[in-house]
Amino acid sequence: MIGKKTMRHVSTLAACGILAIGAPALAAEPDAGLETLRSELMAQKDALDLQQKQLDAQRLRLQALEDNLLSRMRGTGAEAQIAGSDTVPLPPSPPPAAPGTAQAAAAPAGGVQTVGEAPTEQRQVQVAVLAEQGGVITRAGRLTLEPVLEYARADRNRFVFRGIQVINALAIGVFDINEARQDVLTMAGVARLGVTNRFEINARVPYVYRSDKAVVTPIANPTDSNTQDASARDGGIGDVDFGVRYQFTDGRNGAPYLIGGVQAIAPTGTNPFTVERNSLGVAREAATGAGFWAVTPNLTAILPTDPAVLFATVGYTVNFGRDIDRMIGTSLIGRVKPGDTPSASLGIALSLNPRASISLGYAHSWSMGTKMQFRAAGSDGVLGAETNTTTRDLQLGRFLFGVSYRTSPRTTINWNLEMGATEDATDLRTTLRIPLTFDAF
């Protein structure tokens, strides 16, 4: 029989054995807890990364929706109006798909796009249209000031016959060889103000420097004494023009922008009938204006179609005649009525990137003959009977080319070039424009 003391000793030894056996398990518990914490930390980090990606995607979608909304508000007024009146926004690309949709699920992780797949972000491209061919309306309260520098060159050599042609090989009269060269440098200030989101007023004030050179040699007696070399140079304010434009449509649902306008030209420049002339009527001064009032109603259509903008303009210039009543050479000039001029142009503007675009086009004007009344003086100085005459029509065709580069949301550099396509057109005309926009009200 075992005593109580012995039993107590055995119990103590058993307890010590149990503690010894359980010691390794207790020592391992801290390592297991560390692994659990590490796993939870990595899971939380992955969840945060996923939420950040979803947040970035939502931010992109929100930005795209805002841009799309501003673009659709184009005709009803608001911030979608373009900084300059010669730029047109391209249609927006589809916005990014929302997370959780089938399109988003099919997209590669991390936003990487498949090779050849079109970008999904909203296009922020504005394409410049040739200024003289029209543009969208300046938004309400915005003032655009545009300095313009223009150079034009015309060089013509003509064989002129004045007399009676009996048959193709025989003519009786006076033959002249006429060589004329003209250089015109124009510095102008243009202002456009958006009264409403559909109505705009504009004005243009030019300063013109003109140099004319002409050589006339009669073939009947081609001597140095009969050759006339007439040169004239002069500068001053040219003809001021001003007008209004109204936008009829807002280009929604694939429809074009339709913009109508009326432009008036005031004879503020030097009148060609009042410049100083010699006894033969050859001008000694260069005129800086046409000398007549004119009004031009026009209609412009602009159709954005990514990545290009199609544009077309038709117009009709009405010139108003007036009485001159002045002796030029040996004739008294009476009433002069310049012919009206219908015109049309069409072209395409292409976006190269969000800042640069180019424009190509063709413009044609048909200048009808000028009607003039005059009375020629005889050798005794007595004026003869009144004679009515009409000059021939002029066909003015020009190839158009332009480059536009947007330096900031409020400034664009535009360079345009016109090349004469017909004999009557100016050989070369190049223009540099830099519109600057401000908030007037």
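Cβ crowding within 10 Å ranks Met372, Met327 as Met327, Met372, fewest other Cβ atoms first. With the simple model of a label 7 Å out from the Cα in the direction of the Cβ, Thr268 to Asp393 spans 3.3 nm. Using a simple spin-label model with pseudo-atoms 7 Å out from Cα toward Cβ, Ala421 and Val244 lie 3.3 nm apart. Projected label points at Thr430 and Val403, each 7 Å from Cα along the beta carbon direction, are separated by 1.0 nanometres. Say a paramagnetic label sat at a point 7 Å from the Cα of Asp439, along Cα to Cβ; which residues of the range 182-204 have their backbone N under 11 Å from it? The answer is none, because no backbone nitrogen lies closer than 11 Å to the label point. I need the calculated FRET efficiency for the pair Val215 and Asp56, taking r as the beta carbon distance and R₀ as 56 Å, to the nearest 0.05. The computed FRET efficiency comes out at 0.15.
With r defined as the distance between the Cβ atoms of Thr196 and Glu276 and R0 fixed at 41 Å, what FRET efficiency is calculated, to the nearest 0.05? According to the calculation, E is roughly 0.30.
Taking 0.36 nm per residue of separation and subtracting the Cα-Cα distance, full extension of the segment from Arg233 to Ala356 would add 40.5 nm. Residue order for Ser231, Ser359, Ser345, Ser379, fewest other beta carbons within 10 angstrom first, comes to Ser379, Ser231, Ser345, Ser359. Debye calculation, C-alpha points only, no solvent: report log10 I(q)/I(0) for the range 252-358 at q = 0.12, 0.24 Å⁻¹, in the same order as the q values. Here the Debye-derived log intensity ratios amount to -0.64, -1.24. If eta is 0.890 mPa s and T is 25 °C, what Stokes-Einstein diffusion coefficient results for the range 341-426, Kirkwood Rh from Cα pairs, in µm²/s? It diffuses with D of about 148 µm²/s by this estimate. Over the range 264-310, the reciprocal of the mean inverse Cα-Cα separation, the Kirkwood hydrodynamic radius, stands at 14.1 Å. Here Leu383 and Phe320 are evaluated by their C-beta separation; at R0 = 35 Å the FRET efficiency comes out at 0.85.
Coordinate-derived values only; no laboratory data. Please read these numbers as outputs of a predicted model, since none were measured by experiment. Don't worry about glycine lacking a Cβ; one is built from the backbone with ideal geometry, like all the others, and counts go over all protein chains shown.
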